[in-house]
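The next block holds one structure in the form of structure tokens; read it before the comments.
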Amino acid sequence: MPDRLAPTPLCDLLGCRLPIVCAGMGGVARSELVAAVTQAGGFGFLGMVREPLALIEREVAAVRAAGCERFGVHLIPAGTDAALLASQLDLCVDLQVPVVGLLGDVHAPVVERLRGAGATVVHQVGSVRAALAAQRAGAHALIAQGVEAGGHGHGRQPLAELLAEVLALAELPVAAAGGLADGQDVARVLAAGAQAAVLGTAFLAPLESFAHGQHEQHEQRVGATGAGALVRQLAQDAAAHLALLKPPLVEYASPVCYAPEFERQRDAQLADRLNALLEAERAAAWVALEAAQALAPDGPARAPVEALHDDAVRWCGVLLRALQSLDAWPSPRTGGLYEQAAAATGLHERLALLREHQNEVVQALDTLLETLEREELRADLQAMREARQDRLAHLGDSPGHAAAAG
């Protein structure tokens, strides 16, 4: 059984060995904790939300004095006075902070400022729309934050649901946050496709934590240890659980083992069809989002198009999880609808393409459902078909669509 947790591409981007991240908790994640996590192979964010410039400068210097060159500073643009935020950004640029973590609404100028200065930008998001906005603004990586998260909660969906949807639509490395407390939780999100696990509450207890008040009581209850020991234990436990979640494929060399071979072929064919649907829904999500943004915010045409986008996002997540259950690799491609819509001459033509696309998806689902034997997946795809049929009844028949056509 493996005792090491393998690095991911996000680890390479952040400059750490282990896909374990200490969240930038305000008043808790100071230089001692960040340095200890980093020295153990993880990655740490300094919690510097609304903190004075002198403290940020002092904490950054302390992390570097501990021999750590790769670390992050965590900020919340929407929760910070504009003048202070501007000064914090200037300071991060002047200090050449390697990674800056952002939380909350996406402020494109903030992302552009940091990226232009050479910083790696990691944006924590609570929805697919925010994830896509952060991607377009130029973020290098995302943290999908589920509703289970403590502190500055931004998520409104369960982590498992949000993570699948963000993974299905975003093109950036994605970490997971929200209610993760031990190695089993770390393994679960890594197995689901996250490239790192972000933990907050778990790092309240270590001796290096700068926790106060009720957090100190928590520390006394659980028995404080060093953050380095905690990171190593998390990695070891996660590696063990991953080995159970992702057992090695069994090779059936005997010519009499026809049944397993048949099942693998059947699953491979099913995966191909699910990937085709995933590519189609990914395209629908993008086209519907862009079409909705081109419509009047209060116009009657916008609501059904936004609903179609939300549906497509949901089904992307369902399809991605179905592919993972088959041990199949989800396709990263986007369906041809997106290129067709980009070449369309106007909004009316794009909406017509979207409607035609929905008809094609319904037909593909009908064909797949005729022979599908997996009951749980069958129920999901039947619900998807019904939702698509319902959207077809509204898309194009509303007065708003007629207005868009004119």
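The values are calculated or read from the model by the stated rules, or taken from the named source; none is laboratory data. Source: prediction; values computed, not measured. Ideal geometry is used to build each Cβ from the backbone, glycine not excepted, and the neighbour counts take in all protein chains shown.
Points worth noting:
- Segment 56-78, residues that are touching a Gly at 6+ places or on another chain (Cβ under 7 Å) and over 16 Å from A29 (Cβ atoms): P77, A78
- Extreme residue, surrounded by the fewest Cβ atoms within 10 Å (Cβ to Cβ), among residues of segment 363-393 that are of a type in the set (A, V, I, L, M, F, W, C) and more than 20 Å from R321 (Cα to Cα): A393
One line per residue, one yes/no per condition, for (1) modelled with pLDDT of 95 or more; (2) under 14 Å from the mean Cα position of the chain (by Cα); (3) not in a helix (DSSP H, G or I):
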{"position": "L167", "(1), (2), (3)": "yes, yes, no"}
{"position": "L180", "(1), (2), (3)": "yes, no, yes"}
{"position": "A187", "(1), (2), (3)": "yes, no, no"}
{"position": "L190", "(1), (2), (3)": "yes, yes, no"}
{"position": "F203", "(1), (2), (3)": "no, no, no"}
{"position": "E208", "(1), (2), (3)": "no, no, yes"}
{"position": "H212", "(1), (2), (3)": "no, no, yes"}
{"position": "H215", "(1), (2), (3)": "no, no, no"}
{"position": "R221", "(1), (2), (3)": "no, no, no"}
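- Flag if L142 is in contact with a Pro (Cβ under 8 Å, 6 or more places away or on another chain), at pLDDT 95 or above and not acidic (D, E): yes
- Test: residue in segment 332-341 that is aliphatic (A, V, I, L, M) and either out of contact with any Phe, Trp or Tyr (no Cβ under 9 Å at 6 or more places or on another chain) or not assigned by TED's automatic domain parsing to the domain that holds A280 (or both): no
- Taken over segment 309-337, the criterion of being farther than 26 Å from R188 by Cβ and crowded, with 21+ Cβ neighbours inside 10 Å is satisfied by H309, G335, L337.
- Verdict on V100 being at negative phi, of a type in the set (V, I, T), more than 22 Å from the chain's Cα centre (by Cα) and in the same structural domain as A176 (by TED's automatic domain parsing): no
- Selection from segment 31-55 of residues that are within 27 Å of D81 (Cβ to Cβ) and in contact with a helix residue (DSSP H, G or I) (Cβ under 6 Å, 6 or more places away or on another chain): S31, L33, V34, G44, L46, M48, L53
- Some residue of segment 147-164 being of a type in the set (S, T, N, Q) and either touching a helix residue (DSSP H, G or I) at 6+ places or on another chain (Cβ under 8 Å) or on the phi < 0 side of the Ramachandran plot (or both): yes
- Yes/no for R156 being among the basic types (K, R) and assigned to a loop (DSSP other than H, G, I, E, B): yes
- Scanning segment 338-353 for residues being of a type in the set (S, T, N, Q) and either surrounded by fewer than 17 Cβ atoms within 10 Å (Cβ to Cβ) or without any contact (Cβ under 8 Å) to a residue 12 or more places away in the chain (or both) gives a total of 1.
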